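Structure, as structure tokens:
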Amino acid sequence: MELKRVVVTGLGALTPIGKTVPEYWEGLMNGVSGAAPITRFDTEKFKTKFACEVKNFVAEDYLEKKEARKIDPFVQYALVSTEEAVKDAGLDFETLNTNRIGVIWGSGIGGLKTFLDEIMIFAKGDGTPRLNPFFIPKMIIDIAPGHISMKYGLRGPNFSCVSACASSTNALIDAFTYIRLGKADIIVSGGSEAILNEAGIGGFNAMHALSTRNDDPQTASRPFDKDRDGFVAGEGAGTIILESLEHAKARGAKIYAEIVGGGMSADANHITAPHPEGLGARLVMQSALDDAGLTTADIDYINVHGTSTPLGDISETKAIGTLFGDDAYRLNISSTKSMTGHLLGAAGAVESIACILAIKNGIVPPTINHFTDDPALDSKLNFTFNKAQKRDIRAALSNTFGFGGHNASVIFKKFEE
Amino acid sequence: MSDIASRVKAIIVEKLGVDEGEVTPEASFTNDLGADSLDTVELIMEFEKEFNVAIPDDQAETISTVGQAITYLEKNVK
């Protein structure tokens, strides 16, 4: 059977550096850091006291109070970014066959705040399980696509992908695959995460995964800098409307870019540490290129996983060097996590949006906070340090790697008839 | 209005997001105030918490209107 071409027709973003796609892009272009002291809880006893929060988010600005109360922040974020994307795509569901429109969503952890709040109540009680009836349906990861389907009446494929920080890339790949195979016309895809609470920060602190640069949060996320000391936790959501090319054309939709390949692999190495030589990272990029029918010569930009951890940045760079060979030196590479922090399960979605807009606008967003070269990294690579760089981008690749050794990469290409 | 009645109404307004004027004694949680089965369970739990009383499941099943809730609590709250 002939595979359908799949294009991007709508975008939505709720991020620490902008609460809409235009604000997010402006933040990326200006090299804005989303990091600041945590406002959500008292951090006095925590090793890390800052994060990339979505600033001044009031759920009731977007949702009815009654509805907002019954959903976890990770679902609130999902509904907000999706509303922007649905409008952006010009989707009028009254006129479309909603049985052929699905939602495939990623989140790494789901309703951690709900879990924490309910268990705190239980822990303070006498052992009687007086749990709220909304506890489970607020917390479970698949409730995000569930709520999106209920809001818009979308009755096509509907589920969540869970692969830690690769979750929303896996969601995009699944959405791409199902549309390609003709199983849906449109899929609302992306991911959301909301773990900036005592459990999230305390948990990642216990693993020594987070930066502790409390005296200067704005420069803490510094991927590929010699003095990087861990990732900066972020939160938010990104929505990408994927649609078959024929369906998009039939309704006269605007087309941002084409999604042409998805790759998946596992490190099979360690629960949290990357493979030292970047084996899984190399395999996943190769897998995405093969899926797209492209070679390393066709890629102009890689939005790397680049979390600003000592080990991860090195292994990913090694993987790029090994796979791309001499082509590595003509690439633009950047980690937008230097600005947004690490949105975990939503990272793949918001970073794919960065790739799509980089292709559309011909500008590569920077890796900010570069101060000192790391001798362990190949200095001939172009990490797009500190300032955005103009460049005609034919195709861009976005990498995401999750705890558990899950790797997922996706490739977007400039749309041509 | 008794103290219990006003506290019951306040909980219903808060949890179901309805206007105070809609919370009449005859109003049914599900038919008139837009509650689903989970909302109803949550309401009963909130009453238990607010009035420090345990409402057994077989009793909870008989409480489907605002008035029934007030009557039950007026009888059972010490």
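A short reminder: the numbers here are calculations on the coordinates, not readings from a lab. All values reported here derive from a predicted model rather than from experimental measurement. When we count neighbours, we look across all protein chains shown, and the Cβ atoms used for this are built from the backbone with ideal geometry, even at glycine.
What size of dipole, in debye to the nearest 20, comes out for region B:2-76 about its Cα centre when the only charges are +1 on Lys and Arg C-beta atoms and -1 on Asp and Glu C-beta atoms? Don't skip to the answer; put the middle values down first.
Working: 5 positive and 17 negative charges, 45 e Å.
Dipole of region B:2-76, to the nearest 20 debye: 220 debye.
By count of other Cβ within 10 Å, fewest leading, how are A:Phe134, A:Phe41 ordered?
Fewest-to-most Cβ neighbours within 10 Å comes out as A:Phe41, A:Phe134.
In region A:353-390, which chymotrypsin sites (Phe, Trp or Tyr not before Pro) are in a loop and have at most 13 other Cβ atoms within 10 Å, using DSSP for the loop call?
A:Phe371
Say R0 is 41 Å: what FRET efficiency, to the nearest 0.05, do A:Lys390 and B:Ser37 get from their beta-carbon distance?
On the way: r = 57 Å, r/R0 = 1.40.
E between A:Lys390 and B:Ser37, to the nearest 0.05, is 0.10.
Would you compute, from DSSP H runs of 4+ residues alone, the mean residue ellipticity of chain A at 222 nm, taking -39500 (n - 2.57) per run and dividing by the full residue count, rounded to the nearest 500?
Counting only the DSSP helices, I get -9500 deg cm²/dmol.
With the Cα gyration tensor of region A:7-250 in hand, convert its eigenvalues to equivalent ellipsoid semi-axes via √(5λ) and list them largest first in whole Å. Walk me through the intermediate numbers first.
Numbers: eigenvalues 197, 109, 47 Å².
Gyration-tensor ellipsoid for region A:7-250: 31, 23, 15 Å.
Which value results when the Cα radius of gyration for region B:2-76 is divided by 2.2 N^0.38 Å? Show your work: numbers first, answer last.
On the way: Rg = 10.9 Å, N = 75, 2.2 N^0.38 = 11.3 Å.
Against the empirical 2.2 N^0.38 Å value, I get 0.96 for region B:2-76.
Looking at region A:183-246, which trypsin sites (Lys or Arg not before Pro) are in a loop (DSSP not H, G, I, E or B) and have at most 15 other Cβ atoms within 10 Å?
Sparse-neighbourhood loop trypsin sites (Lys or Arg not before Pro): A:Lys183, A:Lys226.
Would you work out which of A:Thr309, A:Ala78, A:Ile363 lies farthest towards the positive end of the dipole of chain A? Charges go on Cβ: Lys and Arg +1, Asp and Glu -1.
A:Ala78
Report the extension gain between A:Ile271 and A:Ile136 in nm, rounded to one decimal, defined as 0.36 nm multiplied by the number of residues separating them, less their alpha carbon distance.
Residue separation times 0.36 nm, minus the Cα-Cα distance, leaves 45.9 nm.
Dipole magnitude of chain A about its Cα centre, charges +1 at Lys/Arg Cβ and -1 at Asp/Glu Cβ only, in debye to the nearest 20? Write out the running numbers ahead of the final one.
Working: 41 positive and 50 negative charges, 90 e Å.
Charge dipole of chain A: 440 debye, to the nearest 20.
Each residue of region B:19-25 in order: what ³J(HN,Hα) in whole Hz does its phi give by Karplus 6.51 cos²θ - 1.76 cosθ + 1.60, θ = phi - 60°, with x for Gly and Pro?
Each residue of region B:19-25 in turn: 6, 4, x, 7, 8, 8, x Hz.
Multiply the residue gap between A:Glu416 and A:Asp378 by 0.36 nm, knock off their C-alpha separation, and tell me the result in nm, one decimal place. Present the calculation step by step, with values, prior to reporting the outcome.
Numbers: separation 38, 0.36 × 38 = 13.68 nm, distance 3.41 nm.
Length gained, A:Glu416 through A:Asp378: 10.3 nm.
Could you tell me the distance between the Cα centroids of region A:192-255 and region A:1-74, to the nearest Å?
If you average the Cα positions of each part, the centres end up 9 Å apart.
What dipole magnitude, in Debye to the nearest 20, does region A:254-360 give about its Cα centre under +1 on Lys/Arg Cβ and -1 on Asp/Glu Cβ?
Values: 6 positive and 12 negative charges, 64 e Å.
Using only the charged Cβ atoms, the result is roughly 300 debye.
What FRET efficiency, computed as 1/(1 + (r/R0)^6) with R0 = 30 Å and r the Cβ-Cβ distance, is obtained for A:Asp298 and A:Phe371, rounded to the nearest 0.05?
0.35
Which ordering of A:Glu53, A:Glu23 is given by a fewest-first count of other beta-carbon atoms within 10 Å?
Neighbour counts put them in this order, fewest first: A:Glu23, A:Glu53.
Take the Cβ-Cβ distance between A:Asp290 and A:Ala36 as r, set R0 to 41 Å, and report the resulting FRET efficiency rounded to the nearest 0.05.
0.50
Taking square-rooted eigenvalues a ≥ b ≥ c of the alpha carbon gyration tensor, is region A:300-417 rounded, prolate or oblate, where a/c under 1.5 means rounded and, failing that, a/b exceeding b/c means prolate?
Here region A:300-417 falls in the rounded category.
Please report, largest first and rounded to whole Å, the three semi-axes of the ellipsoid equivalent to region A:203-354, where each semi-axis is the square root of five times an eigenvalue of the C-alpha gyration tensor.
Numbers: eigenvalues 164, 84, 41 Å².
Ellipsoid semi-axes (Å, largest first): 29, 20, 14.
Quick one: Kirkwood hydrodynamic radius for the protein assembly as shown, alpha-carbon pairs, angstrom, one decimal?
When all Cα pairs of the protein assembly as shown are included, the Kirkwood radius is 23.7 Å.
Using Cβ counts within 10 Å as a stand-in for footprinting exposure, how do A:Met264, A:Met285 rank, fewest first? It would help to have the intermediate numbers written out before the result.
Details: A:Met264 21, A:Met285 28.
Ranking A:Met264, A:Met285 by Cβ neighbours within 10 Å, fewest first, gives A:Met264, A:Met285.
Ignoring the sites themselves, what is the longest stretch of chain B with no GluC sites (Glu not before Pro) in a DSSP loop and at most 16 other beta-carbon atoms within 10 Å? Mind showing how you got there, number by number?
Numbers: sites that count: B:Glu26, B:Glu61.
Counting only loop sites that pass the neighbour cut-off, the longest clear stretch is B:27-60.
Kirkwood hydrodynamic radius, region A:3-101, all distinct C-alpha pairs: what's the number in Å?
So the Kirkwood estimate lands at 16.0 Å.
For region A:103-231, evaluate the Debye formula with one uniform point scatterer on each Cα (no solvent term) and list log10 I(q)/I(0) at q = 0.09, 0.10, 0.22 Å⁻¹, rounded to two decimals.
Here log10 of I(q) over I(0) equals -0.39, -0.47, -1.18.
Take the alpha-carbon centre of region A:357-409, take the same for region B:25-42, and report the distance between them in whole Å.
So the two Cα centres are separated by 53 Å.
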